[in-house]
Amino acid sequence: MLLTYSVQNFKCIGSKQTIDFIATPKNEYEELLYNVNDSLNVNSGLCFIGPNGSGKSQLLKSLFTLSNITSKSNYNNIVEPFSLNKKWKLEPTKFEVLMYSIDLEEFLSYQLSIEKNQILSERLVAKSNKKASKNRLIFSRENNHVTLGSDIKVSVDMINGTIDRESTLISYARGINIPQLKEVLFILTNIFLYTPDIVKGIGPNLINNLIFRNENNLSTEDLISQVNNIFEHTTKLLKSLDFKINKIKAVSFEDEFQIKIFPETCDDSEVYLTLSEAGNFFSEGTYSTIILVLIIGLTAPFQHLLLLDEIDGALHHKLTIALLDLIRCAQNTQKSQFLLSTHDIMVLDNKFRRDAIFNFNKDNSLETKITRVSDFSIRKDVKLSAKYFANEFGGLPNILKLQD
């Protein structure tokens, strides 16, 4: 579970910017909070608003980039620094994330500094959820040299002989007997980015990757049975949204795993489409919704963070609200979370706490700046969308008049 996330020097983000899932004491929509202890509640979802080009998408991509860097050894995609000011070109990109492990009942603070594809430093600190607990160093790293905490019973020589400058220590967690490393890897690996462009480009692969995300010993028959149980539920969800779909089934065809969508017909005939064919058959909004509902169903059994980047572009407002309700319902059992960037400002009036809404803008230095709506003085009974359109958050696009 994420508590806070910060990034510095990433694309349009220069100076350190932070988003915070930790709830303020405000009394609103308490059913949307996860309780960690007597003094700490955490938001299940956040909403990003602001003009085009303000950095909402890049913040989401930075978090997904962190997920990729920490889950793969020899991550070879160069992280792009802020390029509109030469001072940032000489600085590393820095990530900081504070997490809470439900299984370990510990807070985990992870920091990573990277320049191009070279790891400069890493650090992981843990703290028990019990009162009066103190921070414990799990490991710290400078370049290729790792230092372990005093109570970590693992060979540091083995670790130093294994890692290289292009890999995080977290990416080796599966082979190192340190529970905190494994937990950070689990949390960061289970971050999924959903954008309209991804759906258009690799929608079917996105679903297949979720189905086969874990290596297991299930036979093809057992896997298909497991997936079809999920698809039966997702079909009901799609029908509840008034989508004319009879069923969705996983099948084995000529020793290949396939997903088939069966739309309703006007007679007794049966028509099916593969996921790829469905992308050409259905409208953009319908196809995007089908993929998203499949993702909701496939991720529901485990804790995860879903990054939703402007999914509402091709969707009716009522459909967007219904999808958000589905996400909240599906995520509640595993205490999963979501981040939503949107231009549909009316969603602010649908079960978003003020401390769950973040406003993005660019300052005079062309850097992204993030503010939290709960920092503004707003009466509890007013519509947040109205306040936004009144420019009280400073997040409206600045449209200039053309000169005659």
Go through (1) buried (at least 17 other Cβ atoms within 10 Å of the Cβ); (2) on the phi > 0 side of the Ramachandran plot and name the single condition residue 391 misses.
(1)
Sole residue being modelled with pLDDT under 95, more than 18 Å from residue 48 (Cα to Cα) and among the basic types (Lys, Arg), chosen from 387, 351, 362, 380:
380
Tally time: how many residues in the range 313-372 are under 17 Å from residue 17 (Cβ atoms) and of a type in the set (Asp, Glu)?
3
Going through the range 194-216 one residue at a time, which ones are of a type outside the set (Lys, Arg), within 24 Å of residue 289 (Cβ to Cβ) and in a loop (DSSP other than H, G, I, E, B)?
195, 212
Within the range 143-195, restricting attention to residues that are touching a residue at least 12 places away in the same chain (Cβ under 8 Å) and acidic (Asp, Glu), which residue is nearest to residue 335 (Cα to Cα)?
183
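Does residue 83 fit the bill of being in the same structural domain as residue 132 (by TED's automatic domain parsing), surrounded by fewer than 18 Cβ atoms within 10 Å (Cβ to Cβ), of a type in the set (Gly, Ala, Ser) and closer than 27 Å to residue 168 by Cβ? So that I can check it myself, show each step before the final result.
Values: in the same structural domain as residue 132 (by TED's automatic domain parsing): yes; surrounded by fewer than 18 Cβ atoms within 10 Å (Cβ to Cβ): yes; of a type in the set (Gly, Ala, Ser): yes; closer than 27 Å to residue 168 by Cβ: yes.
Here the answer is yes, as residue 83 does meet what is asked.
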Quick one: would you say residue 48 is in contact with a strand residue (DSSP E or B) (Cβ under 8 Å, 6 or more places away or on another chain), crowded, with 22+ Cβ neighbours inside 10 Å and part of a strand (DSSP E or B)?
yes
Residue by residue through the range 66-111, note down the ones that are closer than 15 Å to residue 190 by Cβ, hydroxyl-bearing (Ser, Thr, Tyr) and not in a strand (DSSP E or B).
67, 70, 71
Selection from the range 217-272 of residues assigned to a helix (DSSP H, G or I) and among the basic types (Lys, Arg) yields 236, 239
Looking at the range 159-181, which of the residues that are part of a helix (DSSP H, G or I) and farther than 20 Å from residue 96 by Cβ is farthest from the chain's Cα centre (by Cα)?
160
Got at least one residue in the range 202-225 being surrounded by 15 or more Cβ atoms within 10 Å (Cβ to Cβ), without any contact (Cβ under 8 Å) to a residue 60 or more places away in the chain and farther than 30 Å from residue 97 by Cα?
yes
Hey, can you tell me all the residues within the range 349-388 that are among the hydrophobic types (A, V, I, L, M, F, W, C), assigned to a helix (DSSP H, G or I) and either touching a helix residue (DSSP H, G or I) at 6+ places or on another chain (Cβ under 6 Å) or surrounded by fewer than 19 Cβ atoms within 10 Å (Cβ to Cβ) (or both)?
373, 384, 386
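The values are calculated or read from the model by the stated rules, or taken from the named source; none is laboratory data. These numbers come from a predicted model, not from an experiment. Please note: Cβ atoms are built from the backbone with ideal geometry, for glycine as well, and neighbour counts cover all protein chains shown.
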